[in-house]
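Quick one: this structure, given as structure tokens, is what I'll be asking you about.
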């Protein structure tokens, strides 16, 4: 029997306008059930399971599993609780061989091809990032988030009791806990774009995204197509266009076109290099300008995390 995967997605508030693109790509899978806890109106399908609830109901569900007061005042903080989903939602996930979490600011390709039964049978952890990660559903991994390490690794009690975001589902916690306990992470093929216009920067080249017949590609100036498991475009603001001419989806750095054929996409000449990354860093500094002290502490912590990862021979995760 083919393995089944349950991916939990709590989402509260207004759905982003790129949700329709995510939804169309996600519904192609027969292997993955996407399980929503939400106050939004989302149509259920064979693999989209919707539990309607308020943010407070969801928060209370998490609180009921811990004997200390958690800090969960805003939806963005939910990401830090992701590694505990198998513990919090054990009954809801018991029928799945794998469980996981993912973001909505991405578009999937051929999910069932990339998550083959052979791949699942050979790996306990698949996917490095919070965009999309899945874990084998067993007792040991269920409690892995509780495995305490030393600074700079964050531990679940300090994270769950602090309203700041600590990226506990990624480099702030779980990447190090997995490494220390001997769990290697299988890296899925994905393209990850920083939320900086006017490019999608793919290894120094300007591209756009094309979804067609259940597969997703980046397309370069010479019309070269490279296929991916998913493409992550990091919460950009898009202009949205919808037609019923086809099932094709085209995503440029500023626009999403659903159902359009024969579009001519003109890519900007990419003046990229390190400047592009520095622009991203400067934007983050500006967004945290109200608390420079905390920003500096975060930068020091990030530096220490990389050093610690080196000591665990896990540098490739950072």
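The values are calculated or read from the model by the stated rules, or taken from the named source; none is laboratory data. These numbers were taken from a predicted model, which means no experiment stands behind them. In this analysis, Cβ positions are derived from the backbone assuming ideal geometry, glycine residues included, and neighbour counts consider all displayed protein chains.
Do you know which of the residues in the stretch 6-45 that are assigned to a strand (DSSP E or B) and touching a helix residue (DSSP H, G or I) at 6+ places or on another chain (Cβ under 8 Å) is farthest from residue 95 (Cα to Cα)?
11
Within the stretch 103-124, count every residue that is crowded, with 20+ Cβ neighbours inside 10 Å and touching a helix residue (DSSP H, G or I) at 6+ places or on another chain (Cβ under 6 Å).
Qualifying residue count for the region: 2.
Now for a separate question. Which members of the stretch 46-67 meet the condition of being part of a strand (DSSP E or B) and over 26 Å from residue 238 (Cα atoms)?
49, 51, 52
A follow-up question, please. Kindly check whether there is at least one residue in the stretch 82-91 that is surrounded by fewer than 18 Cβ atoms within 10 Å (Cβ to Cβ), out of contact with any strand residue (DSSP E or B) (no Cβ under 8 Å at 6 or more places or on another chain) and either not assigned by TED's automatic domain parsing to the domain that holds residue 141 or not in a helix (DSSP H, G or I) (or both).
Taking every residue of the stretch 82-91 in turn, none turns out to be surrounded by fewer than 18 Cβ atoms within 10 Å (Cβ to Cβ), out of contact with any strand residue (DSSP E or B) (no Cβ under 8 Å at 6 or more places or on another chain) and either not assigned by TED's automatic domain parsing to the domain that holds residue 141 or not in a helix (DSSP H, G or I) (or both).
I'd like to check something: does the stretch 133-151 contain any residue that is in contact with a strand residue (DSSP E or B) (Cβ under 8 Å, 6 or more places away or on another chain) and within 30 Å of residue 250 (Cα to Cα)?
yes
Please report, ordered by residue number, the helices (runs of 4 or more DSSP H) entirely within the stretch 99-153 with at least 2 residues that are over 30 Å from residue 240 (Cα atoms).
117-122, 139-142
Another question about this same structure. So which of 100, 130 ends up being at pLDDT below 95, closer than 22 Å to residue 40 by Cα, surrounded by 20 or more Cβ atoms within 10 Å (Cβ to Cβ) and within 14 Å of the chain's Cα centre (by Cα)?
Every option except 130 fails the conditions.
Taking the stretch 196-213 only, how many residues are in contact with a helix residue (DSSP H, G or I) (Cβ under 8 Å, 6 or more places away or on another chain) and farther than 18 Å from residue 265 by Cβ?
Count: 1.
Further question on the same structure: Look through 199, 208, 167, 156 and report the one residue that is more than 16 Å from the chain's Cα centre (by Cα), in the same structural domain as residue 73 (by TED's automatic domain parsing) and in contact (Cβ under 8 Å) with a residue 40 or more places away in the chain.
156 is the lone residue from the list that is more than 16 Å from the chain's Cα centre (by Cα), in the same structural domain as residue 73 (by TED's automatic domain parsing) and in contact (Cβ under 8 Å) with a residue 40 or more places away in the chain.
Given 37, 11, which one is without any contact (Cβ under 8 Å) to a residue 40 or more places away in the chain, farther than 18 Å from residue 230 by Cα and under 17 Å from the mean Cα position of the chain (by Cα)?
37
I've got another one for you. Can you confirm whether the stretch 55-75 contains a residue that is in contact (Cβ under 8 Å) with a residue 12 or more places away in the chain and under 17 Å from residue 104 (Cα atoms)?
Yes - at least one qualifying residue is present in the stretch 55-75.
Pull up the stretch 279-312, narrow it to residues that are touching a helix residue (DSSP H, G or I) at 6+ places or on another chain (Cβ under 8 Å) and at pLDDT 70 or above, then point me to the one that is farthest from residue 187 (Cα to Cα).
Result: 295.
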